[in-house]
Amino acid sequence: MTRSAFAHVDGVLHAERVSAVSLAERFGTPLYVYSRAALTDAWQAYAGACAGRRASVHVAVKANSNLAVLNVFARMNAGFDIVSGGELARVLAAGGKAENTVFSGVGKSAAEMRDALVAGVKCFNVESIPELDRLNEVAGSIGKRAPVSLRVNPDVDAKTHPYISTGLKSNKFGVAFDDARATYRAAAAMRHLEVIGIDCHIGSQITEVAPYLDAVDRLLELVAQIEADGATVRHIDVGGGLGITYDNETPPDIGVFVRTVLDRIDARGHGHREVYFEPGRSLVGNAGILLTRVEFLKPGAEKNFVIVDAAMNDLARPAMYEAYHAIEPVVMRSAPQQVYDVVGPVCESGDWLGRDRALAVEPGDLLAVRSAGAYGFVMSSNYNTRPRAAEVMVDGDKVHLVRAREDVQQLFAGEARLPD
């Protein structure tokens, strides 16, 4: 569905109805390009599956926090899932509503809690008793009562990369399943907290429904116990993490996924509770590409290299997770292909975007790195004093610059030399 927003027309890659060549010429490279149509289609798949059900969707801001991207969702009355005070500020600046925002994250500061309480967030997803204590104290200090949901670790294997698996006993996230009932009792006893839900998040880039159903079943085991102890569970938050197609993965259709989870909850007798979904990657991942220009072709004794102007500071996922991103020429050549590693100019052996790719390219050509809409720009850095890329949003035949490219002077504007 979202792949169709980026297609070759007469041998030239287009973003919706705009040539990627014209985007690179106008805005330079490296360049992140997002499709409004792809973002809208993915959102509507979730919203459509939730229609008529007691369910709501909260966009995981950490996947892509560009204001224009968030604004596309805000205009469709999306909720949001945040993990920092900075992300709350972004949601509000993008037109989102605090009362439709849930605040997740394992290390919320007192200042972040205070700002979120004043703004009026929908719920705090809390992950430990010390965090409950802090939130209770902060809420009391400003005369508020904080709505809370505990993130319970269901010890479910999401069968994904270890760095993005979050629901196992060995992960830093959540309250241990065996400790959850006692932790809920502690929360219910705190004067300035109101228990309203239960939450879990088992990982990211999950391509099967079964782990979600396992997690839901475990959560529902707890709900009866929690309510027997006197608390009320108004909502069940199943988190996010649904995967996308980077290469040959076959994740479930969004609508099928949502309906399957909701049907399981209904079948277990909990259909009267609201269900929250917190998608990120499956909303934005295939709604973005990264354009990069070939600087050099470098033959080697064992490998050939395409050296491009994008690097690990622009797209960290390959270096961090050994993640696969499809890479293709923007303008198709009829020349014979060769096998290359696609690498950047950063001074690290881990600076690669793709390994062993068959490409027909020449210096100066443009390449498109697919599936770059999630955890692309948001994880970028200024390593090697490299300015971060520009971001644009394509809407049909219109193009909007939604983040200007940095320049080098900006990178050290806040620094100072020692006095003479």
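The values are calculated or read from the model by the stated rules, or taken from the named source; none is laboratory data. Here the structure is a predicted model, which means the values were calculated and not measured. Every residue, glycine as well, gets a Cβ built from its backbone with ideal geometry; the counts of neighbours run over all protein chains shown.
For this structure, a couple of remarks:
- Look at segment 217-233: where a residue is exposed (fewer than 14 other Cβ atoms within 10 Å of the Cβ) and a partner is basic (Lys, Arg), sitting 6+ places away or on another chain with Cβ atoms under 8 Å, you get Gln225/Arg181; Asp229/Arg181; Asp229/Arg185.
- Beta carbons closer than 6 Å, at least 6 apart along the sequence or on distinct chains, pair a first residue in segment 33-48 that is more than 17 Å from Thr260 (Cα to Cα) with a second that is of a type in the set (Ser, Thr, Tyr) and not in a strand (DSSP E or B) for Ala38/Thr2; Ala42/Thr2.
Yes or no, residue by residue, for (1) among the aliphatic types (A, V, I, L, M); (2) within 30 Å of Tyr340 (Cα to Cα):
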residue: Ile236; (1), (2): yes, no
residue: Val261; (1), (2): yes, no
residue: Arg264; (1), (2): no, no
residue: Ala267; (1), (2): yes, no
residue: Gly280; (1), (2): no, no
residue: Val306; (1), (2): yes, yes
residue: Asp314; (1), (2): no, yes
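- Each residue in segment 83-112 was checked for being farther than 24 Å from His400 by Cβ and within 14 Å of the chain's Cα centre (by Cα), and 4 of them qualify.
- Checklist (1) closer than 16 Å to Leu290 by Cβ; (2) modelled with pLDDT of 95 or more; (3) not aromatic (Phe, Trp, Tyr) applied to Ala60, failing item: (1)
- Criterion: in contact with a His (Cβ under 9 Å, 6 or more places away or on another chain) and farther than 30 Å from Ala176 by Cβ - qualifying residue of Ala47, Ala68: Ala68
- Residues being farther than 21 Å from Leu213 by Cβ and touching a residue at least 60 places away in the same chain (Cβ under 8 Å) - total across segment 172-202: 4
- When Ser56, Ser65, Ser19 are checked against the criterion of being hydroxyl-bearing (Ser, Thr, Tyr), without any contact (Cβ under 8 Å) to a residue 12 or more places away in the chain and outside the structural domain of Arg234 (by TED's automatic domain parsing), Ser19 stands alone in meeting it.
- Flag: Gly364 matches the condition of being on the phi > 0 side of the Ramachandran plot and small (Gly, Ala, Ser).
- Qualifying residue in segment 11-18 (condition: closer than 21 Å to Arg281 by Cβ and of a type in the set (Val, Ile, Thr)): no
- Long-range neighbours under 6 Å by Cβ, at least six apart or interchain, first residue within 13 Å of Phe6 (Cα to Cα) within segment 386-404, second small (Gly, Ala, Ser): Met393/Ala68; Val394/Ala15; Val394/Ser35
- Where a residue in segment 310-321 is at pLDDT below 95 and its partner, wherever it lies, is in a loop (DSSP other than H, G, I, E, B), with Cβ under 8 Å and at least six apart: Tyr321/His161
- For the criterion of being closer than 19 Å to Ala146 by Cα and either part of a helix (DSSP H, G or I) or at pLDDT 95 or above (or both), Ile236 passes.
- Residue in segment 258-274 that is aliphatic (A, V, I, L, M), part of a helix (DSSP H, G or I) and under 19 Å from the mean Cα position of the chain (by Cα) present: yes
- Of the residues making up segment 75-95, those that are within 19 Å of Leu117 (Cβ to Cβ) and in contact with a strand residue (DSSP E or B) (Cβ under 6 Å, 6 or more places away or on another chain) are Gly79, Phe80, Asp81, Ile82, Leu88, Val91.
- Candidate set from segment 188-216 (those that are within 23 Å of the chain's Cα centre (by Cα) and closer than 30 Å to Ser141 by Cβ); member that is surrounded by the most Cβ atoms within 10 Å (Cβ to Cβ): Cys200
- Spans of strands (runs of 3 or more DSSP E) in segment 323-366 with at least 2 residues of a type in the set (Lys, Arg): 352-359
- Residues (buried (at least 20 other Cβ atoms within 10 Å of the Cβ) and among the polar types (S, T, N, Q)) located in segment 344-380: Ser371, Ser380
- Residue in segment 277-288 that is β-branched (Val, Ile, Thr) and in contact with a strand residue (DSSP E or B) (Cβ under 7 Å, 6 or more places away or on another chain) present: no
- Residue within segment 369-383 that is under 30 Å from Arg90 (Cα atoms), hydroxyl-bearing (Ser, Thr, Tyr), modelled with pLDDT of 95 or more and touching a Gly at 6+ places or on another chain (Cβ under 7 Å) present: yes
- Candidates Glu295, Glu278 - the one that is surrounded by 14 or more Cβ atoms within 10 Å (Cβ to Cβ), under 15 Å from Ala63 (Cβ atoms), of a type in the set (Asp, Glu) and modelled with pLDDT of 95 or more: Glu278
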